[in-house]
Amino acid sequence: MLIQIHRLNASISLFLALCLNAILILLVVKRSPKEMKVYKRILLQTALVDIALSVLSFLSQDVGISTNGWTLVLSVSQFSDYLSFSAQFGKLLINSWLMVQFFSVFGLCVQFVYRFLVLNRRNWRDGTGQTELARRNWPETELAPDGTGQTELARRN
């Protein structure tokens with residue numbers, strides 16, 4: 001019963017992932033406004049990696065079990081009932097799934113840093129390491145002209 005629920009979940013997830021990512025790819029390619037051209041490659045990469053992960057997850061349908069420091073990865077694919085997978089092909093399928101899974105998880109961090117640097121490119125060029133928001137909201141911490149050592153915030157109060 002549990003395996004049938006897992007297989008149904010994998011089938012529905014694959015269908016939704018393919019449909020929604022195809023819509024995202026079409027929107028990015030055909031309808032991107034001029035301001036969003038910077039994000040075009042990032043969105044396409046995210047959609048394509050998600051499609052690859054969805055297809056590999058559907059084909060292998062891996063279930064990980066971890067207890068007492070041991071990890072076991074089982075493949076409960078519906079294709080294993082109809083086709084006799086060789087051990088080599090099973091290892092290739094699971095390793096491919098793991099590779100795309102890690103790329104999907106760790107690729108998001110790189111995309112976040114890239115987006116942050118693209119959005120704040122102008123603010124980081126001056127060498128202060130502060131964004132425009134930080135420069136507007138926090139006072140300078142220089143000595144007062146009279147040498148009292150009070151910051152601008154202390155002088156205001």
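The values are calculated or read from the model by the stated rules, or taken from the named source; none is laboratory data. Predicted, not measured: the structure shown is a model, and the values here were computed from it. Cβ: placed from backbone, ideal geometry, glycine included. Neighbour counts: every protein chain shown.
Of all residues in region 38-59, none are charged (D, E, K, R), under 24 Å from TRP97 (Cα atoms), modelled with pLDDT under 85 and buried (at least 17 other Cβ atoms within 10 Å of the Cβ). When the test is whether a residue is aliphatic (A, V, I, L, M), part of a helix (DSSP H, G or I) and over 19 Å from the mean Cα position of the chain (by Cα), ALA10 passes it.
Using the structure shown, decide if LEU74 is part of a helix (DSSP H, G or I) and out of contact with any Phe, Trp or Tyr (no Cβ under 9 Å at 6 or more places or on another chain). It is false that LEU74 is part of a helix (DSSP H, G or I) and out of contact with any Phe, Trp or Tyr (no Cβ under 9 Å at 6 or more places or on another chain).
Inside region 35-49, residues that are touching a Ser or Thr at 6+ places or on another chain (Cβ under 7 Å) and among the charged types (D, E, K, R) make up a count of 1.
Annotation note: of ALA22, ALA17, ALA47, ALA52, the sole residue that is assigned to a helix (DSSP H, G or I), within 18 Å of the chain's Cα centre (by Cα) and in contact (Cβ under 8 Å) with a residue 40 or more places away in the chain is ALA52.
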